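The values are calculated or read from the model by the stated rules, or taken from the named source; none is laboratory data. All values derive from a computational prediction rather than experimental measurement. Cβ: placed from backbone, ideal geometry, glycine included. Neighbour counts: every protein chain shown. Only protein heavy atoms, including side chains, enter the accessible area calculation; ligands, DNA and RNA are left aside. Shrake-Rupley method; radii C 1.70, N 1.55, O 1.52, S 1.80 Å.
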Amino acid sequence: MASLYELTDAYTAVLDMLYDLEVDEQTVMDTLEAISGEIEEKADNYAKLIKELLTDAEKLKAEEERLYLRRKRLEDRAARLKSTLQQNLEFAGKTKFKTALFSFNIAANGGKQPLTITDNLGDIPGKYLIPQPPLPDKDAIRTLLETKEVEWAHLEPRGKSLRIR
């Protein structure tokens with residue numbers, strides 16, 4: 001059986017035959033009949049392959065979703081275990097120690113200190129709002145709160161996290 005490329009070349013050859021007035025019409029029709037069955041069979045086989053690949057892709061997509069949900073559950077369980085361990089270590093006063101396998105250290109979180117806006121956005125001065133749509137400029141408010149207290153915002157204490165290496 002000819003390849004699809006060979007069949008395409010055969011159709012090009014038939015087209016050339018049609019333009020060649022010396023080739024009789026019966027030869028052209030016989031050639032067309034011989035290759036048309038082959039190309040239709042090839043097209044069917046290509047369609048089968050395409051359907052098979054798309055079916056496999058759908059199966060993989062479903063498997064991805066299943067694995068994503070499983071990964072998410074495992075990550076959530078690990079986070080709960082880590083939180084429980086951190087709470088118990090803090091309660092016991094064990095904030096830094098080593099074992100044969102791991103080092104444990106409960107340290108203050110870095111980065112920006114958490115900020116809570118306590119009142120309506122309308123009470124915050126305009127220079128601490130980000131224009132369109134009005135949102136509080138938390139960096140400017142943090143800077144302000146380092147120098148003075150305001151009634152419409154306050155800094156929250158930094159959180160802690162357990163680091164296992």
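So the values come out like this:
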{"quantity": "Ranked order, I130, I124 - accessible area, probe 1.4 Å, largest first", "calculated": "I130, I124"}
{"quantity": "Signed unit charges on C-beta, dipole axis of the chain, positive-most listed residue A34, N120, A107", "calculated": "A107"}
{"quantity": "Of all accessible heavy-atom area on the chain, the percent that carbon and sulfur account for (1.4 Å)", "calculated": "56 percent"}
{"quantity": "Length released on extending from A108 to A78, taking residue separation times 0.36 nm less the Cα-Cα span", "calculated": "8.8 nm"}
{"quantity": "Full-extension gain in nm, F91 to E33, via 0.36 nm per residue minus C-alpha separation", "calculated": "12.2 nm"}
{"quantity": "[x] 42, 40, 34; [y] 100, 54, 22; [z] 53, 40, 29, with the label sought being that of the calculated Cα extents along the principal axes in Å", "calculated": "[y]"}
{"quantity": "Charge dipole (debye, nearest 20) of the chain; +1 at Cβ of Lys and Arg, -1 at Cβ of Asp and Glu", "calculated": "3480 debye"}
{"quantity": "Principal axis dimensions, largest first and in whole angstrom, of segment 2-95 by Cα", "calculated": "101, 19, 15"}
{"quantity": "Peptide ranges 132-145, 13-26 listed from the most packed, as the mean C-beta count within 10 angstrom indicates", "calculated": "132-145, 13-26"}
{"quantity": "R0 of 22 Å, Cβ-Cβ distance L54-E6: FRET efficiency to nearest 0.05", "calculated": "0.25"}
{"quantity": "Highest to lowest packing among 152-164, 91-103, scored as the average C-beta count within 10 Å", "calculated": "152-164, 91-103"}
{"quantity": "Å² of accessible area per residue within the chain, as computed with a 1.4 Å probe and no ligands counted", "calculated": "80 Å²"}
